[in-house]
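Take a look at the structure set out below.
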Amino acid sequence: MSDTEQTCAFSIPHEDKFNYLYQAIYAPVAIEAGLTPLRVLDFGRRSEAIEEAWEASTSHVAVVDLTNACGQPFYYLALRQLQGKPTILTSQSLDDVPIPFRSLPTIEYQPSESRWDKRLRKELLAAIEAVLKDPASAVFNPLATGELDATNPENSKVMGWTENESPDDSVEWKMGFHTFIEEARKHRDKDKS
């Protein structure tokens, strides 16, 4: 990939039904928008994977599917926002999108509805084109600027999680997320110096 090539990264749950979504809708929409699609693979919570994840999060625009509120897309969303990079969210339920991130361009889709795929393609293409014209419209500034410290478990309520609940209902996941954010922030600060 050349430095001038514009990319659109996709972080989606790692289930078979999402493979179809990527192949039939997400990647073709990126190509139609003039971008090269990239699928973000599982980089896990290992701190040694931060550099690999950091590189993957530098695309021009990203689409993060938060359906079922699984871990991988949340990590990628956090990296994007720490870098102040534009991100579009998709989900089958807005309940899966943490409250503060609902200010980002968000598309809800329902595979049970007729012609859902055509509607998703149309809305996603419009969102990508809008974000390419105004990247700042797709950045959650409090996380990028450090106003919201996502590494602090006390901020769980702000992130839309209750005291003992995180996206996958495990405190371990939440603490792993906070650790991941802290490691990513260190990596970001190292890049700045």
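The values are calculated or read from the model by the stated rules, or taken from the named source; none is laboratory data. The shown structure was predicted, so the numbers you read here are calculated from the model rather than taken from an experiment. Cβ sites come from the backbone with ideal geometry, for glycine too, and all protein chains shown count toward neighbours.
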Identity of the residue in region 107-141, in a helix (DSSP H, G or I) and among the small types (G, A, S), that ends up nearest to T90 (Cα to Cα) | A127
Determine, yes or no, whether D134 is of a type outside the set (S, T, Y), modelled with pLDDT under 95 and surrounded by fewer than 16 Cβ atoms within 10 Å (Cβ to Cβ).
-> yes
For residues that are of a type in the set (S, T, N, Q) and either surrounded by 21 or more Cβ atoms within 10 Å (Cβ to Cβ) or not in a loop (DSSP other than H, G, I, E, B) (or both), scanning just region 20-79, find the one that is modelled with the lowest pLDDT.
-> S47
